[in-house]
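Working notes, structure below.
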Amino acid sequence: MSVSRETEKPVIGVRRLKEPMPQPITTRLFTVANQKGGVGKTTSAVNIAAALAMGGLKVLVIDLDPQGNACTALGVDREGEGMYEVFVDERPLSSIIQKVAGFPHLECAPANQELAGAEISMVNMVARESILKLALNDLLKERELSGDRLDYIIIDCPPSLGLLTVNALTAAEEVLVPIQCEYYSLEGISLLVSTLSKIQRALNPKVHISTILLTMFDSRTRLANDVANDVRAHFPRELIDIPIPRAVRISEAPSFRQTVMTYDASSPGAVAYMQVAREIALRGTSVTPSVESGAITA
Ligand code: ADP
Ligand code: MG
């Protein structure tokens, strides 16, 4: 598949796909998590979000990493109020969400600089693990009432299993784990899995790893293929078997405050993320029992 072949005329600066992606029956909430840094969490969060938005879906990215790399890639301002105020001052999400320029249906809740101090400020708060969940419940209700339902919420996590990530795992039903195909990749996952099972028991029984993605994949190396085979064997249902290639355009895009989906939509990295987003959207039509029973068709 090639993005350039599948696209039509630009819509407010962004190409919208000829064939829209299927809408989920209810808002799907994804946390992109892996406590290892540099594995492609932010890159996957912003590019999948952009691709889903190009597929005609309404998408919100929540940047939970105080480094704010998702904001940078989406060209979103992090100077004003942001997720810090949501966590510490009970500010509603609707008051800090910004529209992403050039996309009709893409929004971002920014990680402002202050977010770096949020975990410390939250230490003595009551129900501190559920702050994001409550804020999201309010947002979802508001949007439902105004007839502006979100299709996807994608939360980009920092590279740790601290309170911000715990909030994300408490709020979301689905976890997307990017795996870089290198030594010890799967060892890292086992720590995430054990944290997840604690959260399932104590805070959020529904949360589960629904999606695994191979990132920065170099098919020429034996190691990458060995790791991919291991992941296939351990997570046959969760793996989206469309590896994201290691690609220069993907790493260049953020320095232009863009996703690769707008920076170079026909490059191999953008094409792969587009295919992955479509696969996620298609799988989403069978994640809930009501959908499995045939309530919606792709
Ligand atoms: P994380 O959020 O897990 O820390 P990032 O998404 O920020 O990881 O990726 C780490 C670095 O690798 C960034 O500089 C990013 O631009 C680069 N990168 C991510 N995916 C790719 C890829 N498929 N090809 C080339 N570079 C990539
Ligand atoms: Mg990141």
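The values are calculated or read from the model by the stated rules, or taken from the named source; none is laboratory data. Bear in mind that the values here come from a model prediction, so they are computed numbers and not experimental data. Every residue, glycine among them, receives a Cβ derived from its backbone with ideal geometry; neighbour counts consider all protein chains shown. These accessible areas exclude ligands, DNA and RNA; they are computed on the full protein's heavy atoms, side chains included. Shrake-Rupley method; radii C 1.70, N 1.55, O 1.52, S 1.80 Å.
In this structure, Ser94 does satisfy being small (Gly, Ala, Ser), open to solvent by 30 Å² or more (accessible area, probe 1.4 Å) and in contact with a helix residue (DSSP H, G or I) (Cβ under 8 Å, 6 or more places away or on another chain).
Restricting attention to the range 158-173 and to residues that are free of Cβ contacts under 8 Å to residues at least 60 places away in the same chain and assigned to a helix (DSSP H, G or I), the residue that is farthest from ligand 2 (Cβ to nearest atom) turns out to be Thr170. Residues of the range 136-152 that are in contact (Cβ under 8 Å) with a residue 24 or more places away in the chain and either at positive phi or not basic (Lys, Arg) (or both): Leu136, Asp138, Leu139, Leu140, Glu142, Asp148, Leu150, Asp151, Tyr152.
Among the numbered criteria (1) hydrophobic (A, V, I, L, M, F, W, C); (2) more than 26 Å from Ser197 (Cβ to Cβ); (3) assigned to a strand (DSSP E or B), which single criterion is violated by Leu115? Looking at each condition in turn, Leu115 falls short on (3).
Only residues that are in a loop (DSSP other than H, G, I, E, B), within 16 Å of ligand 2 (Cβ to nearest atom) and surrounded by fewer than 21 Cβ atoms within 10 Å (Cβ to Cβ): list them for the range 241-257, please.
Residue satisfying the conditions is Arg257 alone.
From the list Ala233, Ala224, exactly one residue is open to solvent by 60 Å² or more (accessible area, probe 1.4 Å), of a type in the set (A, V, I, L, M), more than 21 Å from Val61 (Cα to Cα) and not in a loop (DSSP other than H, G, I, E, B). Which is it? Result: Ala233 is the single residue among Ala233, Ala224 that is open to solvent by 60 Å² or more (accessible area, probe 1.4 Å), of a type in the set (A, V, I, L, M), more than 21 Å from Val61 (Cα to Cα) and not in a loop (DSSP other than H, G, I, E, B). Candidates are the residues of the range 65-77 that are in a loop (DSSP other than H, G, I, E, B) and within 14 Å of ligand 2 (Cβ to nearest atom); the one that is nearest to Lys36 (Cα to Cα) is Asp65.
If you go through the range 147-205 and pick out every residue that is in contact with a strand residue (DSSP E or B) (Cβ under 6 Å, 6 or more places away or on another chain), among the β-branched types (Val, Ile, Thr) and within 15 Å of Glu129 (Cβ to Cβ), you end up with 1. Residue check: is Ile25 of a type in the set (A, V, I, L, M, F, W, C), within 16 Å of ligand 2 (Cβ to nearest atom) and either assigned to a loop (DSSP other than H, G, I, E, B) or under 14 Å from the mean Cα position of the chain (by Cα) (or both)? Judged against the criteria, Ile25 is not a match. When the residues of the range 145-157 are filtered to those that are part of a loop (DSSP other than H, G, I, E, B) and acidic (Asp, Glu), the one that is nearest to ligand 1 (Cβ to nearest atom) is Asp151.
The single condition from (1) more than 16 Å from ligand 2 (Cβ to nearest atom); (2) in contact with a Phe, Trp or Tyr (Cβ under 8 Å, 6 or more places away or on another chain); (3) open to solvent by less than 10 Å² (accessible area, probe 1.4 Å) that Leu176 fails is (1).
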